Amino acid sequence: MLDRFITLLKKGEVVAFPTETVYGLGADAQNPDAIKKVFETKGRPSDNPLIVHVSDQKQVKQFATNISEDARKLMDTFWPGPLTLIFKKKPEVLDLITAGLDTVALRWPKHPLSQELIALAGPLVAPSANSSGKPSPTKAEHVKEDFGKDFPVVEAGETAIGLESTVLDISSEPYTIYRPGAISAQEIANIIHKNVEYKSTKSQETTAKSPGTKYTHYTPDASVQWLKENPHIADNTLYLLHSRTISDGKNMIQYEGNFNKMAHELYDRFRQADHLGYTAIAIEPFSDDQYDNPIVQALQNRISKAIG
Ligand code: TXA
Ligand code: MG
């Protein structure tokens with residue numbers, strides 16, 4: 001089933017494939033022309049580095065140096081899975097991948113099709129398979145919406161998590177999370193018994209070290225906002241509610257405390273809101289105790305970015 005895609009990747013073409021987080025736009029991590037096509041296809045600024053996707057721990061040595069005991073523990077615990085680790089890079093890693101930084105981001109995704117594809121045609125660089133400025137794709141049809149109906153996509157339905165991986169810099173201490181995801185600072189700290197920092201995405205230092213955080217993220221045509229205490233209810237607003245109920249109606253999406261489902265659907269709801277002509281998306285804010293849940297931290301981060 002993957003033959004066609006493996007052939008394309010080996011020829012230096014780009015191919016979209018599913019991971020457990022979102023669909024990725026894959027290209028051979030050793031082929032500069034293929035990597036250039038990734039930036040062109042997405043319209044991605046060249047100063048925003050890419051994650052290299054591997055299919056076992058051995059491949060890490062091709063890209064990273066100073067692979068510490070902590071790194072081993074984290075890979076043993078969380079890989080394959082939604083954790084991207086940033087290492088000091090080997091000199092031979094292409095500058096195109098790292099945008100000239102002295103670090104490289106690596107991840108071993110969990111989806112069986114991604115593992116097979118990477119094992120046979122990888123390692124692969126893979127940003128999320130959306131045009132720059134659109135939400136990450138959680139369905140094959142999202143990729144085709146952005147890149148055209150004939151674009152090569154390994155189709156595998158909806159991705160499980162729906163939000164991108166946690167990005168953790170372990171190239172220097174204190175270890176720092178640049179992007180929260182399904183694996184939290186607390187879970188990481190429990191494994192390595194060290195404090196893990198999570199800097200707000202607006203901090204200057206994060207911007208310098210993780211270029212991706214400085215770009216404006218997808219804001220739908222509809223204006224995204226936090227739901228107010230006593231909202232004025234409008235038919236042309238889409239409501240995403242995790243705990244409250246307001247009224248019935250097709251514009252009232254109720255998650256009833258199921259934050260994983262909310263994460264799974266968020267980007268699809270953003271795309272749908274525009275297709276259906278909603279002018280606003282009102283999202284119920286999270287309380288402090290809900291914020292203890294890692295996926296709520298990731299939701300908060302993506303929603304805040306969409307609000308701008
Ligand atoms: O879940 C995911 O991580 C998905 C799937 C496809 O694996 N990929 C993904 O890639 O979200 P992308 O390119 O959309 O986001 C990667 C983020 C960007 O914010 C980028 O700036 C950051 O990781 N990044 C990559 N390499 C880095 C490095 N060496 N130092 C700091 N940040 C880095
Ligand atoms: Mg992305």
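A few remarks follow.
- Entry remark, the range 100-120: residues being surrounded by fewer than 17 Cβ atoms within 10 Å (Cβ to Cβ) and either among the aromatic types (Phe, Trp, Tyr) or in contact with a helix residue (DSSP H, G or I) (Cβ under 6 Å, 6 or more places away or on another chain) (or both) number 1 in total.
- Between Thr19, Thr77, the distinction of being among the polar types (S, T, N, Q), closer than 30 Å to Glu173 by Cβ and either crowded, with 21+ Cβ neighbours inside 10 Å or not assigned by TED's automatic domain parsing to the domain that holds Thr138 (or both) belongs to Thr19 only.
- Inspection of the range 268-276 finds no residue satisfying the criterion of being over 22 Å from Ile161 (Cα atoms) and among the aromatic types (Phe, Trp, Tyr).
- Residue check for Ser136: at pLDDT below 95, in the same structural domain as Thr159 (by TED's automatic domain parsing) and within 11 Å of ligand 1 (Cβ to nearest atom): no
- Among residues of the range 229-254, those that are closer than 16 Å to Tyr291 by Cα and of a type in the set (Ser, Thr, Tyr), counted: 1
- Condition check for Phe151: farther than 22 Å from Glu13 by Cβ and either more than 9 Å from ligand 1 (Cβ to nearest atom) or in contact with a Phe, Trp or Tyr (Cβ under 6 Å, 6 or more places away or on another chain) (or both): no
- Scanning the range 60-97 for residues that are within 16 Å of ligand 2 (Cβ to nearest atom) and assigned to a helix (DSSP H, G or I) yields a count of 1.
- Selection within the range 98-138: residues that are part of a loop (DSSP other than H, G, I, E, B) and aliphatic (A, V, I, L, M). The member of this set that is farthest from Glu20 (Cα to Cα) is Leu101.
The values are calculated or read from the model by the stated rules, or taken from the named source; none is laboratory data. Keep in mind the model is a prediction, meaning the values are calculated, not measured. Don't worry about glycine lacking a Cβ; one is built from the backbone with ideal geometry, like all the others, and counts go over all protein chains shown.
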